[in-house]
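The values are calculated or read from the model by the stated rules, or taken from the named source; none is laboratory data. Since we're looking at a predicted model, the values are computed, not measured. Positions of Cβ are backbone-derived with ideal geometry, glycine not excepted, and every protein chain shown enters the neighbour counts.
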Ligand code: GDP
């Protein structure tokens, strides 16, 4: 196969969802399709003692490498599937967001009994900001949930995206009978068996037990409505992230997952060309290139090694090849490389655009770094900064250690482990994070790598908004609306809560506050 053939069959995506919506169960079912695991087993293997396929966190902890997202890859129907994990719960961090810079599409799993939840919304906003195609799976149809039309409406209004139901459910909970598969013009019957049963639309009249059922009739009416009043399927819009194809099912049953997955991989985009300092780089370019979107420092003191995660953007990766680090112009040999699968990491010999490889980091790489072969040491666009939500004041416990303190702070910030701010007037350092876990890692690494004990004082959850320099008037600010500077000396306000933000906006109407997250 040529480089072009190889890259064309890559499907690299992440599943975004709120904790408990069913991401793990869904991933597990996908791995089953890829024959990566023998039986689905129980979802939370931790509890049953069985292996929980998607609980990468735990696996990584056991291996000694800990914290943040990983990758699973497997072949399916001629495609090469790469699924990137987006950790939630207490593991939510900037890495979770950054993972979204390394994917070509996203699967949004929504709990049909709950609708859109906080974490889904946050991750969705990043996808929308980057124009990533989003495919939606409404899960838990085997339980009594929200009306499907309601859910469509909620997705459209809350997320500001068009919906196109690819499948439409008949009933839910105990009355769940299956889904109309509009794409393949067939009814997928819910039988309780793992194998999906398909009835072509043209043969439905031979199934009066189904078509005479009031629930079926009701759903058919809804479908007619969706057909007439809803938006038509528009792949261009999907590719821009302006329309999301929606599927219904149950990851647990499992039901509708296969129907979803087959349509998804068909429409999900192959690796796209990317912007760089040398213009657009196409994924079938002969020269290898990629960028680092995550660096995993080992928390186990016995294994100080670090792994840098590279998203390949063009060319062919071969183990042992020499690459240039564009930022410094230095050349490195990529001898120790790993690919990530469900059960363990294994050595990877080659890779193509869309693939994710882990390379040994002798402490030289930074998040956002570009690796290339060939004459041009170009760099891919910088990774975006994501808005932190938690803020803490940080000081060194021992003032004598201020030199190491500053060095550690500087390096960890540069690495993207944490974001640094300074009080507008005082010498106070304030660090911002997306999740609590980042502080734990920060604290640990300051102690172990820089030999500095730090003191963290929480100033709580805050809403950061940037403010034009010329509009700063110090009398506007106090502890509730704290004025700080970011690393580029740009002023921003850390608002105590929604209320103080609104109060401020009302009082100073002509001040233009900027949200990093602003979607539109
Ligand atoms: P995650 O936190 O998003 O990874 O969610 P899990 O996959 O761990 O699922 C959370 C809980 O919901 C588990 O108890 C699952 O068994 C359950 N669950 C997942 N999918 C379904 C489904 O389709 N139907 C029902 N009834 N429960 C489900």
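Quick notes on this one:
- The set of residues from the range 144-169 being within 16 Å of the ligand (Cβ to nearest atom) and touching a residue at least 40 places away in the same chain (Cβ under 8 Å) comprises 148, 151, 167, 169.
- Taken together, the residues in the range 1-29 that are touching a helix residue (DSSP H, G or I) at 6+ places or on another chain (Cβ under 6 Å) and closer than 24 Å to residue 113 by Cβ amount to 7.
- Sole residue being in contact (Cβ under 8 Å) with a residue 40 or more places away in the chain and closer than 21 Å to residue 384 by Cβ, chosen from 485, 412, 456: 485
- Evaluation of residue 66 against the conditions (1) more than 16 Å from the ligand (Cβ to nearest atom); (2) more than 15 Å from residue 264 (Cβ to Cβ); (3) in contact with a helix residue (DSSP H, G or I) (Cβ under 8 Å, 6 or more places away or on another chain); (4) at pLDDT 90 or above shows that the sole unmet condition is (4).
- If you filter the range 72-120 down to residues that are within 16 Å of the ligand (Cβ to nearest atom), within 30 Å of residue 4 (Cα to Cα) and in a strand (DSSP E or B), you find that the one that is modelled with the lowest pLDDT is 72.
- Selected residue [closer than 26 Å to residue 502 by Cβ and under 29 Å from the mean Cα position of the chain (by Cα)] from 382, 389, 415, 470: 389
- Residue check, residue 7 at pLDDT 70 or above and within 16 Å of the ligand (Cβ to nearest atom): no
- Hits in the range 183-217 (condition: in contact (Cβ under 8 Å) with a residue 24 or more places away in the chain and either surrounded by fewer than 12 Cβ atoms within 10 Å (Cβ to Cβ) or within 21 Å of residue 246 (Cα to Cα) (or both)): 183, 184, 188, 190, 192, 196, 215, 216
- From the list 405, 386, the lone residue that is surrounded by 21 or more Cβ atoms within 10 Å (Cβ to Cβ) and modelled with pLDDT under 90 is 386.
- Failed item in (1) in contact with a helix residue (DSSP H, G or I) (Cβ under 8 Å, 6 or more places away or on another chain); (2) crowded, with 16+ Cβ neighbours inside 10 Å; (3) modelled with pLDDT of 95 or more, with residue 494 passing the rest: (1)
- The residue list 22, 45 contains one member that is within 11 Å of the ligand (Cβ to nearest atom) and at pLDDT below 85, which is 45.
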